[in-house]
Each structure stands twice: as structure tokens, then as C-alpha cells.
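Engineer: Just passing along the structure, written as C-alpha cells.
Where a number appears in this text, it was derived from the coordinates with a stated rule and is not lab data. Predicted model, so just to flag it, every value in this text is computed and none were measured. Here Cβ is always computed from backbone atoms with ideal geometry, including for glycine, and neighbour counts include all displayed protein chains.
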């Protein structure tokens, strides 16, 4: 019987929620990496037992964890204890070094700092891990300060895809309140050379040559909080999503505004429609209906909680503009949680399952495409990320 | 034999309990102790000092013999009591956060 595995990253560890095919019975394991921030955890679609996790700490920095048995056991790739000096492994799975200028030895280019001066890139943490669709040893990592890295040896070593920072707009990127992070990586299932990324606060970018060169894809975005609201870069994109069957259609939750693109990001139009507020972080697409999308409106950028004390997922069955509130099973009074950008996911069972986690530590699941919801767990640490694997 | 006390999270990461005991060839300095520690436990690389610059991570400090050695040069000799194994070298995580 098929089932699902929900991978939950929190402020104080990782949790794995294993559900049956009906998504009624759940087994909770964790905390894994107790006490550490788990920004993201994701499984390989080429090998569902291969999982990767980004484990971070303000004290000890970045750790990459890998599991080859569906999360039962974990290892820092290439970081095992050595018995004799000089032996392998090298312990470089957490070594993220930006490409440097041959003249200065310093990372290529600079970005805007909070005081308007230019600032060199400094690695802080991995926000998002995106395993290749075909090779379990290949993974892309979106990091802060914003950059894109790739491993092709299962996480033992990482190399930057420096064309993203080097394409020319880097000096205009600047950190948002959460830091300057590359938080979204979308792989085009129909075209292995095409990939999308999103950066706060710079915008969305696309490569059509496997990551060598990139172009900003922000035409149609309008952001009042930057000097030129229609600038090529500088927009605080919170999340983008696509459906596998139609990878040229993108949906975006920007700082404010929900948008869609029907031409692979070359142009965007707003589809916020009748949402109660179009500020938010998550956006996701139904597994079987490419025009059915989900967002969780958040009151404002200064009040990071749901409006009116009501936790409501909004669903559009028309690719935006027309939205309906989904409330059954969700708290409709005295609720003041947030849902962060990587904290929503869908499974591919029938009917489609939808999952999201809150800063209040709840993980909610819907086994009927959002019509009704129930908490899988209520009292985890603040949830940073939610991913789901559909298992055979 | 040099004795090193790691903070709990790094003990978990390195899969050790209690003190770590290391052979440190030559002069016993902070740099030499950390070199030996990272050689033995590669998963600790980057967690105490930067991979490339070898700079101490900001929220970590180094104590021994009731002294704060954090700002001593990394190639300064550690106290004789540490070098002889009588006293441990402590890697401390700053008290911060909730």
C-alpha cells in the first residue's frame, strides 16, 4: 500500500511523519539533529530513500546530512571518523566556498549592504536543497549569501555555479530581513538544462544552459519598497512553484502580490484577485490539476501572522484571481501563526494531499486537496520547511 | 595526550561521549590541537573555525586552566597543564539565545 513521508524542518530539529495511504495514521520520528535549525530536508525522486538535510547553527555553522535509508540513519557525507592521520574522508561536506577572483582571491562581485555600501559575499547557511530529478548523488543547494552550489558526489563536496552571481546584477542584490538568501530552486522536468531560482531580495532568475548563464525574469513585478518599482532586480520574491506537466507556467508569491507567468518567467501578471491580503510566503500547485494553486495569506510584512486570527489556506482552481478560503479543520479564532516559504508541499496520491507547517509548531494535512484539514502534530518547534514524498 | 572538552552539539556530531583525547605532535598550540581534532573527526571541520580562513566562529571560545585563551594567537603555546594532559582544553559555545 502506498504512503507518504512528510519531512519537517524546525528551529530545533527535524521530524519525519510517516503516513499511510489514507493519510489518517501517522508515525512521528524525531527530533533528528536535536537543537539544530533544520532549514530544509528533501528526498531524491530518483531514490526515495536518499534524503538530504540542511542542519545549521549560529554557533557551529553549516552541516549537510544525508540518509540512505529514508531517514532512519544519517551521516555527514565524507565526514566519518578517521583512525589514522591523513586518511580520508576530508570532511568537506559543509565547505561552501564562493568562486573567487583570480586577482584578489575574494569572492566574485559584491552586493548591496544595509547601509547602501557594497559588501563581499559571505557564506552563512543552506536554505534549500533540491535533489536532481534523475541522479540521487546530484543536489543543488541554495545558500545565504545568495548563491547556487551543486554536488555530484552525494554531498561530499560542493561547487558554486558562479554564473548566477557573475551575470552582472549582483551589485544590486540586497538582503531582506531574513538575510540575502537563495531559497527556491525549480528543476524543469521536461528540460534538464533549464532551472529557475528565486532570491530575497533580488528576484527570480532562469538558466537555459544547465546553470552556466542566467537571466533575471522579473518583468511585470511591481514592488513599492524599491526605488524603481519596476526594476529588473531588487524584488523580494518569496517563493515560486510549477506543475510538472507544464513547466513553462510559474506561480509566484512575492513579498506582496501573487503572480503567474505563462512564458517561463519572461513576463508576469498579478493574480491576487480576491485574496484578503496578498502578502505571504508559500505558493504550491495541486499534483494533478495544474491550474489549482494554494497560498496562505499573511496579514502584512510588519505583522507576520494570518489575518483576523484565522488560519486559512486559499485555493484557486483557475490559476489565480478567483480564490476560495479553505477553513474546515483549521483554527478560526485567536490564531497568530505564520507559514514560512518552504513550509508547504503536496503529495501525488489521489486525491491530492496538501501539507503545511506553522511557526506555532503545527503541521496540518489535507487528504482531499484542501477541502478539510487535520493536524498531524501540534506542538513541534517552529516549522521552517515541509516536504512530502509519495512512496510506492 | 591532550584532553579536549567539546560542547554537547559537537560531541553529538562527532559521535563521542565525554572528553576527546588526542595525540598532538610537536608544540601544543591551539592551532595544533584543532588540526589534530579535525584530522580525527572530519565532520567537525568548519564548525569551530572557518574552512578557508581558519578564523574562530564568533560564538565559540577557548578556555583552559580557568583562563580565557580565545584571543591568544593560534600558534601560542597552550598552558603546560594542557600539554601534559593534567587539564583539558575547553571549546565553549557562548551563552546566547533561547
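Engineer: Give me the number: length gained by fully extending residue B:59 to residue B:72, i.e. 0.36 nm times residue separation minus the C-alpha to C-alpha distance, one decimal in nm.
Structural biologist: 3.1 nm
Engineer: Considering only A:257, A:284, A:69, give the residue with the highest GNM mean-square fluctuation for chain A, with springs between Cα atoms whenever their separation is below 10 Å.
Structural biologist: Top of the fluctuation ranking is A:69.
Engineer: Please work out the FRET efficiency for the pair residue B:19 and residue A:177, using the Cβ-Cβ distance as r and a Förster radius of 51 Å; give the result to the nearest 0.05.
Structural biologist: It comes out at approximately 0.80.
Engineer: Let me confirm one metric for peptide A:215-227, namely the mean number of other chain beta-carbon atoms within 10 Å of its residues' beta-carbons.
Structural biologist: The per-residue average across the peptide is 0.
Engineer: So, one more: Can you grab the distance from the C-alpha centre of region A:299-330 to the C-alpha centre of region A:199-223, Å, no decimals?
Structural biologist: With region A:299-330 and region A:199-223 each reduced to a Cα centre, they are spaced 27 Å.
Engineer: Using a basic spin-label model with each label point 7 Å from the Cα along Cα→Cβ, how many nm lie between residue A:222 and residue A:193?
Structural biologist: Rounded to a tenth, the inter-label distance reads 3.6 nm.
Engineer: Report the calculated FRET efficiency for residue B:84 and residue A:318 (r = Cβ-Cβ distance, R0 = 51 Å), to the nearest 0.05.
Structural biologist: According to the calculation, E is roughly 0.10.
Engineer: For chain A, set up a Gaussian network in which alpha carbons nearer than 10 Å are linked by springs, and say which option among A:159, A:25, A:62 fluctuates the most.
Structural biologist: Most flexible of the set in this elastic network: A:25.
Engineer: Compare the peptides A:317-328, A:112-123 by average per-residue count of other Cβ atoms within 10 angstrom and give them in order, highest first.
Structural biologist: A:317-328, A:112-123
Engineer: What is the average number of partner chain Cβ atoms found within 10 Å of a Cβ in B:53-60?
Structural biologist: 2
Engineer: Also: Taking the convex hull of the alpha carbon atoms in the protein assembly as shown, what volume per residue do you get, in Å³?
Structural biologist: Numbers: hull volume 73.4 nm³, N = 490.
About 150 Å³ per residue, rounded to a whole number.
Engineer: Can you give the average number of partner chain beta-carbon atoms within 10 Å of each beta-carbon in peptide B:33-45, as a whole number?
Structural biologist: Whole-number average of other-chain Cβ neighbours for B:33-45 is 5.
Engineer: How large is Rg over Rh for region A:289-392, taking Rg from the Cα atoms and Rh as the Kirkwood inverse mean of 1/r across Cα pairs?
Structural biologist: That ratio equals 0.94.
Engineer: What is the distance in Å between the Cα centres of region A:4-48 and region A:123-157?
Structural biologist: Going from one Cα centre to the other spans 19 Å.
Engineer: Sticking with this structure for a sec: Report the gain in length on full extension from residue B:94 to residue B:5: 0.36 nm times residue separation, minus Cα-Cα distance, nm rounded to one decimal.
Structural biologist: The span from residue B:94 to residue B:5 would gain 30.6 nm if fully extended.
Engineer: Looking at the calculated P(r) for region B:2-93, what percent of the C-alpha pair distances fall above 20 Å? Mind dumping the intermediate values first?
Structural biologist: Details: 1077 of 4186 pairs.
When all Cα pairs of region B:2-93 are counted, 26 percent exceed 20 Å.
Engineer: Then there is this: Of the beta bridges DSSP finds with both residues in the protein assembly as shown, what % are antiparallel, to the nearest 5?
Structural biologist: Taking every DSSP beta bridge within the protein assembly as shown, about 95 percent pair in antiparallel fashion.
Engineer: Provide the packing ranking of A:249-256, A:296-303, B:53-60, i.e. peptides ordered by the mean count of other C-beta atoms within 10 Å per residue, highest first.
Structural biologist: Output ranking for A:249-256, A:296-303, B:53-60: A:249-256, A:296-303, B:53-60.
Engineer: Order these peptides, B:18-29, A:232-243, by their mean beta-carbon neighbour count within 10 angstrom, highest first. The partial results should precede the final answer.
Structural biologist: On the way: B:18-29: 14.6, A:232-243: 23.3.
Averaged packing, sorted descending, gives the order A:232-243, B:18-29.
Engineer: Also, quick follow-up: Which percent, to the nearest 5, of DSSP beta bridges fully inside region A:263-392 are antiparallel?
Structural biologist: Of those bridges, close to 95 percent are antiparallel.
Engineer: When the Cα centres of region A:243-281 and region B:1-39 are compared, how far apart do they sit, in Å?
Structural biologist: 51 Å
Engineer: Moving on. Could you calculate the contour length gain from residue A:152 to residue A:46, that is, 0.36 nm times the residue separation minus the distance between their Cα atoms, to one decimal place in nm? Mind showing how you got there, number by number?
Structural biologist: Values: separation 106, 0.36 × 106 = 38.16 nm, distance 1.38 nm.
Difference between extended and current length: 36.8 nm.
Engineer: Using all alpha carbons of region A:117-170, what is the percent of pairwise distances in each 5 Å bin, ordered from the shortest bin to the longest?
Structural biologist: 4, 19, 26, 24, 14, 7, 3, 1, 0
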